[in-house]
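Just so you know, all these numbers are worked out from the coordinates, no wet-lab data involved. Note that this is a predicted model, so its numbers are computed, not measured. For neighbour counting, all protein chains shown are included, and Cβ atoms are generated from backbone atoms with ideal geometry for every residue, glycine included.
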Amino acid sequence: MTERRIDKVRLGTEGPEVGVQGLGCMGMSEFYGDTDEAAARDTLEAALEAGVTLLDTADMYGNGANEEFLRPFLAAHRDEITLATKFSVVRDAADASFRGISNDPAYIRGAVDASLRRLGVDVIDLYYMHRRDPAVPLAESVGAMAELVRAGKVRHLGLSEVTGAELREAHAVHPIAALQSEWSLFSRSVERSAVGAAAGLGVALVPYSPLGRGFLTGAFADAAELPENDFRRHQVRFTGDAAAANAALLEPVRKIAAAHGATLAQIALAWVQQRAEVHGLPVVPIPGTRSRGRLEENVAATRITLTQDELALLEPIAGQVVGDRYPDMSSTSDSRE
Ligand SMILES: NC(=O)c1ccc[n+]([C@@H]2O[C@H](COP(=O)([O-])OP(=O)(O)OC[C@H]3O[C@@H](n4cnc5c(N)ncnc54)[C@H](OP(=O)(O)O)[C@@H]3O)[C@@H](O)[C@H]2O)c1
């Protein structure tokens, strides 16, 4: 059991109140090697006990399987959970291969109904556009998302991997509660424009992969050691010479962790939390884990405060990282700014 429940924060000026740390559920179904359903279910229970109320999924995780996996938990705890899911990454129904990105209004209307069905709920608390398709005007897509709010299928809107300019454009169509983008000691491009725009608009930041997909925890030094079905094997920064160079960047994290009697994961999470304070916006990182022990370890990071000297030691890390954060960067916000 964790010592006590974590504090709460509001997502956006009119959004829901959630625990200051959420839980990424993606790895419970796909991307990070084999999964253990019983352990994953126990992790969901541990989250609730700790006050971690924001659960993050997407229709593309396991090609629908991750939403279906959450269904029994939601049936038991619907009112205690803020449920976030996403649309736009299109996969083949038969073989799950990636077919592209759709922000088309007709596609969005179909996607939300499919998610509601798989999740077994009447309404999604936070519905994100997962990736931007620049072929469709943003106002059209956000307009279609706003219709879902009016229809009672969705409570609040979010965007993922958008630039600051895109966030402003969308917010003018309908209030955006949260921006979900990668933000960690290794990935700080979101600080170029999106974080400032979010702070100005009162939009909360939901950093994904705050543990650098596990690399920042020291749990693996080269993705070549991971199983064949692990997506990280295809990420340049986690393999070969790049991984060796990047592992060396963790030295200050290790030193600070030792000083706090903490783990590397906890220092990485505390850094995101404090970095958001510098920018003056609410933040709810969603570290992904499939184990109760790690969930409790991650939650305990909310009680760590790094000193100014420690923050200064961590400051240069991101600028020295070797390798992009995706094998193909074309659908990230980086590619549009
Ligand atoms: N919007 C987007 O485009 C997008 C993209 C990627 C992810 N996401 C969302 O963000 C969530 C989090 O991102 P992520 O899962 O990619 O990366 P992450 O949270 O940075 O790292 C997850 C990895 O770290 C491991 N881990 C977790 N806690 C740990 C600890 N205390 N010590 C050692 N290892 C630990 C996990 O393994 P175990 O599971 O074995 O503990 C997993 O392999 C996802 O679940 C998903 O919901 C969104």
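How many angstrom lie between the Cα centre of the stretch 1-51 and the Cα centre of the stretch 100-128? That distance is 21 Å. When you work out D = kT/(6 pi eta Rh) for the stretch 272-337 at 20 °C and 1.002 mPa s, using the Kirkwood radius from C-alpha pairs as Rh and the Stokes-Einstein form, the result is 144 µm²/s. Here is the size of the chain from its Cα atoms: Rg then Dmax, 18.6, 54 Å. Our estimate of slack between ALA135 and VAL322, defined as 0.36 nm per intervening residue step minus the Cα-Cα distance, is 64.2 nm. For the Cα atoms of the chain, what angle does the longest principal axis make with the long axis of helix 164-173, in degrees from 0 to 90, nearest 10? Its long axis makes an angle of about 30 degrees. In a GNM of the chain with a 10 Å cut-off on Cα contacts, which of ALA258, ALA75, ALA94 has the highest mean-square fluctuation? It is ALA94.
Counting Lys and Arg as +1 and Asp and Glu as -1, each charge on the Cβ, what is the dipole of the chain about the Cα centre in debye, to the nearest 20?
Working: 34 positive and 47 negative charges, 90 e Å.
Here the size comes out at about 440 debye.
Here the dipole of the stretch 90-223 is about 180 debye; that uses its Cα centre as origin and unit charges on the Cβ of Lys and Arg (positive) and Asp and Glu (negative).
Across GLY100, GLY12, GLY164, mean-square fluctuation computed from a Gaussian network of the chain (C-alpha pairs under 10 Å connected) peaks at GLY100. The angle between the Cα long axis of helix 264-279 and the longest principal axis of the Cα atoms of the chain comes to about 60 degrees, rounded to the nearest 10.
Rounded to the nearest 5, what % of DSSP beta bridges with both residues in the stretch 1-160 are antiparallel? Write down the numbers at each step before the final one.
Working: 6 of 20 bridges.
Antiparallel: roughly 30 percent of the beta bridges in the stretch 1-160.
Modelled spin-label separation between ARG5 and ALA244, with each label point placed 7 Å from Cα along the Cα-to-Cβ direction: 5.0 nm.
Please give the contour-minus-distance gain from HIS260 to THR13: 0.36 nm per residue of separation, less the Cα-Cα distance, rounded to one decimal in nm. Don't jump to the answer; show the numbers that get you there.
Numbers: separation 247, 0.36 × 247 = 88.92 nm, distance 3.40 nm.
Taking 0.36 nm per residue and subtracting the Cα distance, the gain is 85.5 nm.
For the chain, calculate the relative contact order in percent as a whole number, restricting contacts to Cα pairs under 8 Å that are 6 or more residues apart. Can you show the working numbers first?
Numbers: 661 pairs, mean separation 69.5, N = 337.
So the answer I get is 21 percent.
For the stretch 199-337, what mean projected area does the convex hull of the alpha carbons give, in nm²? Walk me through the numbers before you get to the answer.
On the way: hull surface 37.2 nm².
Spelled out: convex hull of the Cα atoms, projected over all directions, averaged, 9.3 nm².
Label separation (GLN308 vs ARG78): 5.1 nm, computed from points 7 Å beyond Cα along the C-beta direction. Once Lys and Arg get +1 and Asp and Glu get -1 on their Cβ, which of ALA224, GLY212, GLY200 lies farthest toward the positive end of the dipole of the stretch 188-244? After comparing all options, I get GLY200. Each of SER333, SER193 was scored by other Cβ atoms within 10 Å of its Cβ. Arranged with the fewest first, they read SER193, SER333.
Sorting ASP309, ASP113 from the fewest to the most surrounding beta carbons within 10 angstrom yields ASP309, ASP113. With R₀ fixed at 30 Å, the C-beta to C-beta distance from ASP122 to ASP42 puts the FRET efficiency at about 0.65.
With contacts taken as Cα pairs under 8 Å at a separation of at least 6 residues, the stretch 24-174 carries a relative contact order of 19 percent.
Where does each of VAL90, VAL149 land when they are ranked from fewest to most other beta-carbon atoms within 10 angstrom?
On the way: VAL90 19, VAL149 16.
If I rank by nearby Cβ atoms, fewest first, I get VAL149, VAL90.
Between ALA106 and ALA221, the simple spin-label model (points 7 angstrom out along Cα→Cβ) gives 5.5 nm. Full extension of the segment from PHE98 to GLU251, taken as 0.36 nm per residue of separation minus the current Cα-Cα distance, would add 51.4 nm.
Counting DSSP beta bridges with both partners in the chain, what percentage is antiparallel, nearest 5? Show your work: numbers first, answer last.
On the way: 7 of 32 bridges.
Rounded to the nearest five, the antiparallel share is 20 percent.
With respect to the chain, whose longest principal axis is taken over its alpha-carbon atoms, helix 251-260 is tilted by about 90°. Considering only LYS153, LYS255, LYS86, the mean-square fluctuation computed in a Gaussian network model of the chain, springs between alpha carbons under 10 angstrom, is largest for LYS255. Close amide-amide hydrogen proximity is noted between HIS156 and LEU126, TYR127, each under 5 Å apart and 5 or more residues distant or on a separate chain (H modeled in the peptide plane; Pro and chain starts excluded).
Relative to the Cα centre, the charge distribution of the stretch 187-325, modelled as +1 at Lys and Arg Cβ and -1 at Asp and Glu Cβ, gives a dipole magnitude of about 280 debye.
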